[in-house]
There are 2 protein chains.
Amino acid sequence: MSLSCVLIGAGNLATHLGEVLKQKGFNILQVYSRTQNSAKNLAERLNATFTTSPQSIIHSCDFFIIALKDEAVKQVLPSVEFNNKLILHCSGSLPLSVLNGFSENTGVLYPLQTFSKGRNIDFAEIPVFIESDSEKNLSLINSIAARISNKIIVADSEKRKQIHISAVFACNFVNHLYTISESILKENGLDFDILKPLIKETTNKVMKLSPGEAQTGPAVRFDESVINNHLGLLAGKPELAELYKLISESIYKFHQSIL
Amino acid sequence: MSLSCVLIGAGNLATHLGEVLKQKGFNILQVYSRTQNSAKNLAERLNATFTTSPQSIIHSCDFFIIALKDEAVKQVLPSVEFNNKLILHCSGSLPLSVLNGFSENTGVLYPLQTFSKGRNIDFAEIPVFIESDSEKNLSLINSIAARISNKIIVADSEKRKQIHISAVFACNFVNHLYTISESILKENGLDFDILKPLIKETTNKVMKLSPGEAQTGPAVRFDESVINNHLGLLAGKPELAELYKLISESIYKFHQSIL
């Protein structure tokens, strides 16, 4: 059975999802994006038609996938005729209920990964969180998800939000700490490359150990001389000093509480 | 030429350093640790003698390596007779001058990595930062470092402190964000494993891209609805909410400033 789908969105997530769906035998009929170039480019790669007008989105498909930023999801929904077909959104933070009233068949398919242009991602190992309004639709969504991933987990909207927050800490916030490190090194004429073995090992460690057990550094042992020394060095950057202090305190408190 | 060395310290760093030095042909004569078991165990692995008394540390060696926590370095120094042999400390945050008055031959050998028991580390790719009081000693330290690493960088104490701070952000603080993610997931009956593909990809990305360019997520686009939603979910955990807010603001400000 080859299911057909309309893809609403042409950003990083839509691109990666569209490509894996096509590769797994789904028929992508149409791509929508506000931006003509994005819609056209992705449609060409997926052998689909494209539109930049929500009113021109076709509904001769088995399901819709909305892969847009949260605000854009809310904006586009009222302009599309879904004809009661299954609508799936892919957001970690939007509840299922955001789709209420736009179709009687609704669900969520949330792949927990960071998607960037030009990076190949092995979809099979990405955890995909699914939710639906009915058992029948959940079973359909499960069969769709099972074609692209080996790790499908049913999670309601509240649980998905918590998963999304945990991902913000482990991905977006972690990346920002790398950015801070890079800016400190740059100021001192050093290249970010010198941190790469450390970053790799820090990550490899938590693949084997719980991060709580893996914690090292001055904060966990509350080494005040190092901490105060570092705060002194950051004195000209009050925001970084504040961040340093707050994270150090958080590390110390966390590890005191589990002793 | 086979140089001989006394190792002061028997923790994770001392263990990894001792093993790579022995493997590269150095002769480890003695291991010192306050803790008898640690001293004995490491000495056995390195085919060395051991002592738990600083006064019994021998000085019939070519150089000393002090691989202790910063406070312990300062405590042990006055009790040891170094007989003017080369003393090296391995700390990111202690200045070279901490060794002043204990020998006329002093230096630093700081390997930028996180060392844990039971994990194999490829020393060859670890950046090693060196410093010394004289050109002659720097050249000797360089020849020692070159036996264990392919990446040797001369850096003075001020620069090394900045490198150490950047490492605290990229390793210790990053690991703590993983710990926070793990605790949020646990509370929701979910396993930390579901974050592993995301963590791997976040790390792999910065091996290719500058982290500043790789930043994604609600904070960089200042998606207030997601941010406020998350802050609401963290309302029962004021410390995490504060951390979330501060990091989000920092991401936003950083990316505004480079636009």
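Rule-based calculations on the coordinates, nothing more; no lab input. Quantities reported herein were computed from a predicted structural model and do not represent experimental measurements. Cβ coordinates were reconstructed from backbone atoms using ideal geometry, including for glycine residues, and neighbour counts include every protein chain displayed.
Mean residue ellipticity, 222 nm, helices only, chain A: the sum of -39500 (n - 2.57) across DSSP H runs of n ≥ 4, divided by residue count and rounded to 500, is -14000 deg cm²/dmol.
Determine the dipole magnitude for the range A:4-155: charges of +1 sit on the beta-carbon of Lys and Arg, -1 on that of Asp and Glu, nothing else is charged, the reference point is the Cα centre, and the result goes in debye to the nearest 20.
Details: 13 positive and 12 negative charges, 88 e Å.
In total the dipole reaches around 420 debye.
Computed over the range A:161-257, the quotient of the alpha carbon radius of gyration and 2.2 N^0.38 Å is 1.15.
Take the alpha-carbon positions of the range B:1-128, form their convex hull, and give its projected area averaged over all directions (one quarter of the hull surface) in nm². Walk me through the numbers before you get to the answer.
On the way: hull surface 29.0 nm².
If I average the Cα hull's projected area over directions, I get 7.3 nm².
Residues considered: A:H59, A:H176, A:H230. Largest GNM mean-square fluctuation over chain A, using C-alpha springs under 10 Å, is found at A:H230. Note on chain B: GNM, Cα springs under 10 Å; of B:L68, B:L246, B:L77, the largest mean-square fluctuation is that of B:L246. Distance between the pseudo-spin-label points of A:E158 and B:K237 (7 Å out from Cα toward the beta carbon): 1.6 nm.
Which ordering of A:C171, A:C90 is given by a fewest-first count of other beta-carbon atoms within 10 Å?
A:C90, A:C171
Residues whose amide H lies under 5 Å from that of B:K69, counting only those 5 or more places away or on a different chain, are absent; hydrogens are built 1.01 Å from N in the peptide plane. The alpha-carbon of B:K136 sits under 28 angstrom from the alpha-carbons of these lysines, leaving out residues fewer than 8 places away in its chain: B:K22, B:K24, B:K69, B:K74, B:K85, B:K151, B:K159, B:K161. A Förster radius of 30 Å combined with the Cβ-Cβ distance from B:E135 to A:K200 puts the calculated FRET efficiency at roughly 0.35.
Placing pseudo-labels 7 Å out from each Cα toward the beta carbon at A:N37 and B:E44 gives an inter-label distance of 6.7 nm.
Over chain B, what lengths in whole Å, largest first, do the semi-axes of the equivalent ellipsoid take, defined as the square roots of 5 times the eigenvalues of the alpha-carbon gyration tensor? Before the final figure, lay out each step's value.
On the way: eigenvalues 352, 84, 59 Å².
One finds semi-axes of 42, 21, 17 Å for chain B.
Using a cut-off of 18 Å between Cα atoms, the listed pairs A:K117/B:K205; A:K196/B:K200; A:K205/B:K245; A:K200/B:K205; A:K205/B:K200 include A:K205/B:K245 as exceeding that distance.
Of the beta bridges in the protein assembly as shown, as assigned by DSSP with both residues counted there, near 20 percent are antiparallel.
I need A:H164, A:H255 ordered by Cβ neighbour count within 10 Å, fewest first. Don't jump to the answer; show the numbers that get you there.
Values: A:H164 23, A:H255 17.
Placing the least packed residue first, the sequence is A:H255, A:H164.
Using a Förster distance of 56 Å, how high is the FRET efficiency between B:S97 and A:A124, based on the Cβ-Cβ distance and rounded to 0.05? Present the calculation step by step, with values, prior to reporting the outcome.
Details: r = 55 Å, r/R0 = 0.98.
Taking R0 as 56 Å, the efficiency between B:S97 and A:A124 is 0.55.
Shielding of peptide B:111-122 by partners, expressed as the average count of other chain Cβ atoms within 10 Å per residue Cβ, is 4.
Can you tell me how the range B:35-84 classifies by the Cα gyration tensor, rounded, prolate or oblate, using a/c under 1.5 as the rounded cut? Verdict is oblate for the range B:35-84. Inter-label distance, B:K24 to A:H59: 7.0 nm, where each label sits 7 Å from its Cα along the C-beta direction.
Place +1 on the Cβ of every Lys and Arg and -1 on the Cβ of every Asp and Glu in chain B, take the dipole about the Cα centre, and give the residue among B:L233, B:A214, B:N175 whose Cα lies farthest towards its positive end. Checked the options; the winner is B:N175. The phi-based Karplus calculation (6.51 cos²θ - 1.76 cosθ + 1.60; θ = phi - 60°) puts the 3J(HN,Hα) values of the range A:243-251 at 5, 4, 5, 5, 5, 4, 4, 5, 4 Hz, whole numbers, x for Gly and Pro.
Counting only DSSP beta bridges whose two residues both lie in chain B, roughly 20 percent are antiparallel. Note that the range B:54-65 has calculated 3J(HN,Hα) couplings of x, 5, 8, 5, 7, 10, 8, 10, 7, 7, 10, 10 Hz, one per residue in order, obtained from phi through the Karplus relation 6.51 cos²θ - 1.76 cosθ + 1.60 (θ = phi - 60°); glycine and proline are x. Would you please give the residues with an amide H less than 5 Å from that of B:T49, counting only those at least 5 places away or on a separate chain, with H modeled from the backbone geometry? Close amide H contacts, sequence-distant or interchain: B:Q30, B:V31. Could you calculate the FRET efficiency of A:S210 with A:E81 from 1/(1 + (r/R0)^6), where r is the beta carbon distance between them and R0 is 60 Å, rounded to 0.05? After rounding to 0.05, the efficiency reads 0.75.
Have a look at B:L231, B:L94, B:L13 and tell me which one the Gaussian network model of chain B (Cα, springs below 10 Å) gives the largest fluctuation. Highest fluctuation of the listed residues: B:L231.
If only the Cβ of Lys and Arg carry +1 and only the Cβ of Asp and Glu carry -1, the dipole of chain A around its Cα centre is close to 460 debye.
With neighbours defined as other Cβ atoms within 10 Å of a residue's Cβ, the residues B:L234, B:L99 order from fewest to most as B:L234, B:L99.
Here the protein assembly as shown is treated with +1 on each Lys and Arg Cβ and -1 on each Asp and Glu Cβ, and its dipole about the Cα centre works out to around 800 debye.
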